[in-house]
Structure formats: structure tokens, C-alpha cells
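*Asks:* A single structure is presented below for examination.
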Amino acid sequence: MRIYFDDYGDREWFRLQDSPREQVDFYIHNHYLRKYIHSGEKILEISAGPGRFTIELAKIGAKICVGDISSNQLQLNEEKVKTAGYEDSIIWRKQLDIVDLSELADNEFESTVCYGGPISYVFDKAPQAITELLRVTKSKNHVLITVMSHLGSLQLFLGAVYKHSLNDGLECVEKLIQDGDVIGKLASSGLYCHMFRWSEFKSLLENFDCDIVSASASHYLSNVQQDIIEKFYVHPKMWEIFLDWELDLSKEEGAIDGGMHIIVVLQKH
């Protein structure tokens with residue numbers, strides 16, 4: 001995974017601005033930052049990437065400790081944050097693995113942000129990663145997490161599922177439908193991951209000393225019919241209203257599975 005994101009470069013920086021759907025993703029992710037993160041707080045941002053949300057945390061007034069498994073992503077983070085004029089908000093940057101934050105103290109941070117779906121990349125070490133995120137976060141405070149959504153991703157990439165059915169056989173795709181593991185021939189990009197159903201991830205989180213205080217899809221209406229979404233996008237007032245619809249509908253129980261990512265906010269006991 002480290003090599004993949006070293007090679008990935010600044011594509012992650014542009015991903016959240018590439019299309020109206022990605023801009024909905026950014027809007028909803030940012031909503032939860034602004035709801036649960038406060039000015040002056042010392043925040044751990046793990047899997048920070050090139051800094052899209054680092055900059056948003058800085059705009060809130062947070063003091064940010066930036067971690068990522070990729071040294072190249074950390075370098076890009078520094079470049080992007082400096083260019084945006086928010087480097088004074090950074091306490092440090094470190095190369096960190098989400099499953100082992102042992103160099104960080106218990107209860108060190110007011111809150112922790114883990115966007116970008118890194119828990120999906122560690123497979124059976126997901127419980128270990130969640131344990132670490134909660135351990136370094138102060139009691140009564142929040143951990144913001146995203147994971148890859150099984151249902152929403154299947155819907156979004158149904159064309160690719162069809163091609164794999166033809167090229168690799170239905171048995172290969174049937175396994176993906178059942179277990180959510182993007183591995184082997186299915187991981188054509190080279191990035192292996194586990195996609196979660198909301199019921200599965202919720203059940204996992206219930207094993208920890210925390211409460212789920214918010215959950216949402218990263219988008220819902222904009223997962224399909226991109227041509228229609230683009231028609232909303234070109235009209236500023238309609239787009240503003242559409243974003244409000246997305247924010248409202250994406251947190252409904254029946255919609256949480258419906259985006260590319262699932263966003264969850266935990267409150268540590």
C-alpha cells in the first residue's frame with residue numbers, strides 16, 4: 001500500500017474536484033469536520049494524503065498532526081498546505097501506519113480524522129486500526145472515519161463488474177459480491193481493499209468502547225445519472241439546494257450504503 005500511494009502522486013489531490021459527484025463527496029466530508037472539530041484543538045489527521053482536508057481543518061482553526069503511510073503523500077501535503085497559506089497550523093508530519101500508532105501517546109489528541117478509507121486497506125487488521133484510533137483520542141471526543149462502501153461502489157462501478165464477469169468468470173465476481181474483497185484480478189489498479197456493508201461495519205464498531213454519533217454515505221443521489229447531476233451543477237442556486245438534499249438524504253439508514261464511502265463519527269467513552 002505504501003508503494004501504491006507513493007506512486008499515486010497528486011491524483012488524490014484532484015480526485016475530490018474531478019466531477020460534481022466528487023464535489024458532493026467533499027462537501028459532505030467537510031460538513032462533518034465542521035460539525036465535530038473545533039478551533040484550537042490538537043487533531044491527528046491520519047492518512048492525510050496531499051492535504052485537501054488538512055487545509056479544511058486549518059481553516060477551522062485546528063492544530064494538526066499529519067500522518068500518512070506514504071512519504072510522497074506527506075511531501076505533497078507540505079507543498080499544498082504551504083501554497084494555501086496554512087503551514088502555521090501544522091504541528092508535525094510523520095510517516096505512520098494506521099495499525100501501529102505506538103509512537104503516539106494514549107489520549108494525545110482532542111479528536112482524530114481518518115478520511116480516505118484506510119481501514120478498508122488493512123483487511124483483517126481493521127479492529128487493530130480502530131483500537132489505535134480510539135486509543136490516541138481523548139475520552140468523550142470524536143474519531144471521524146471513512147471506509148469503502150460495498151454496495152455503493154458496486155453500483156458505481158457496475159460496468160467494471162460486468163467486464164470482470166466476462167473476462168474472469170462469474171465465480172470471481174460472485175465472491176466479490178459476497179465478501180467485498182477487491183483482490184487478485186479484481187484489483188486491476190494494484191490497490192487491494194475490503195469494501196464494507198454498513199451492517200458489517202456497524203457490527204464491528206459495536207465491539208469498541210465508543211458510540212456511533214453520526215453515519216452517512218459520502219453521496220447518495222449523485223451515485224448514478226451523472227448527466228442529470230451535471231445539469232444541477234451548472235446552475236449555482238440549484239446546486240446549492242442539491243447539496244442540501246444530499247447532506248440530508250445521505251444520512252438516512254437506507255442510504256448510508258449508497259455512496260462510494262461510508263462516513264462514521266465515533267465518540268469515545
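*Asks:* Setting aside same-chain residues fewer than 8 positions from Lys163, which aspartates and glutamates have a Cα under 15 Å from its Cα?
*Replies:* Within the straight-line limit of under 15 Å, Lys163 reaches these aspartates and glutamates: Glu171, Glu174.
*Asks:* Also, quick follow-up: Pairs of lysines 8 or more apart, or on different chains, with alpha carbons under 26 Å: count those in the stretch 29-139, would you?
*Replies:* 24
*Asks:* Same structure, new question: How much length would be gained if the chain were fully extended between Asn207 and Lys185, taking 0.36 nm per residue of separation minus their Cα-Cα distance, in nm to one decimal?
*Replies:* 4.7 nm
*Asks:* Here's something else I'd like to know. Which percent, to the nearest 5, of DSSP beta bridges fully inside the chain are antiparallel?
*Replies:* Numbers: 17 of 35 bridges.
For the chain, the DSSP antiparallel bridge percentage is about 50.
*Asks:* Whole Å is fine, so just give me how far the alpha carbon centre of the stretch 150-214 lies from that of the stretch 78-145.
*Replies:* Each part's Cα centre sits 24 Å from the other's.
*Asks:* Hey, another quick one. Which value, in debye to the nearest 20, gives the size of the charge dipole of the chain about its Cα centre, when Lys and Arg are +1 and Asp and Glu are -1 at the Cβ? Present the calculation step by step, with values, prior to reporting the outcome.
*Replies:* Values: 27 positive and 41 negative charges, 80 e Å.
So the magnitude is around 380 debye.
*Asks:* Now, a different point. Between Arg197 and Arg34, what is the label-to-label distance in nm when each label sits 7 Å out along the Cα-to-Cβ direction?
*Replies:* 3.5
*Asks:* Once you order the gyration tensor axes a ≥ b ≥ c over the Cα atoms, which shape class does the stretch 148-196 get: rounded for a/c under 1.5, otherwise prolate or oblate by comparing a/b with b/c? All intermediate terms of the calculation are to be shown ahead of the outcome.
*Replies:* Details: a/c = 1.42, a/b = 1.23, b/c = 1.15.
Because its axes are fairly even, with a/c under 1.5, the stretch 148-196 counts as rounded.
*Asks:* Let me ask something else about it. Along the charge dipole of the stretch 179-245, which of Ile229, Ser214, Leu191 sits closest to the positive end, that is, farthest toward it, with unit charges on the beta carbon of Lys, Arg, Asp and Glu (+1, +1, -1, -1)?
*Replies:* Ile229
*Asks:* Can you give the relative contact order of the chain as a percent, counting alpha carbon pairs under 8 Å and 6+ residues apart? Mind dumping the intermediate values first?
*Replies:* On the way: 494 pairs, mean separation 53.7, N = 269.
It comes to 20 percent, rounded to a whole number.
*Asks:* Separate question: Sort the chain into rounded, prolate or oblate with this rule: let a ≥ b ≥ c be the square roots of the eigenvalues of the Cα gyration tensor; rounded if a/c is under 1.5, and if a/c is not under 1.5, prolate when a/b is larger than b/c, oblate otherwise.
*Replies:* Details: a/c = 1.43, a/b = 1.23, b/c = 1.16.
Rounded.
*Asks:* Using only the Cα atoms of the stretch 115-269, build the gyration tensor, take square roots of its eigenvalues as a ≥ b ≥ c, and label the shape rounded, prolate or oblate: rounded if a/c is under 1.5, else prolate if a/b is larger than b/c, else oblate. Intermediate results must be reported in sequence, preceding the final value.
*Replies:* Values: a/c = 2.35, a/b = 1.08, b/c = 2.17.
The shape class here is oblate.
*Asks:* Given 20 °C and 1.002 mPa s, compute D for the stretch 137-229 with the Stokes-Einstein relation, Rh being the Kirkwood radius over Cα pairs; round to the nearest whole µm²/s. Present the calculation step by step, with values, prior to reporting the outcome.
*Replies:* On the way: Rh = 15.3 Å.
D = 140 µm²/s.
*Asks:* State the answer as a single residue: which of Ala129, His150, Ala160 lies farthest towards the positive end of the charge dipole of the stretch 125-209, with beta carbon charges of +1 for Lys and Arg and -1 for Asp and Glu, about the Cα centre.
*Replies:* After comparing all options, I get Ala129.
We did not get these values from a lab; they are worked out from the coordinates using the rules stated. Just so we're clear, the structure is a prediction, and the values are computed from it rather than from any experiment. Counting neighbours? That spans all protein chains shown, and the Cβs are built from the backbone with ideal geometry, glycine included.
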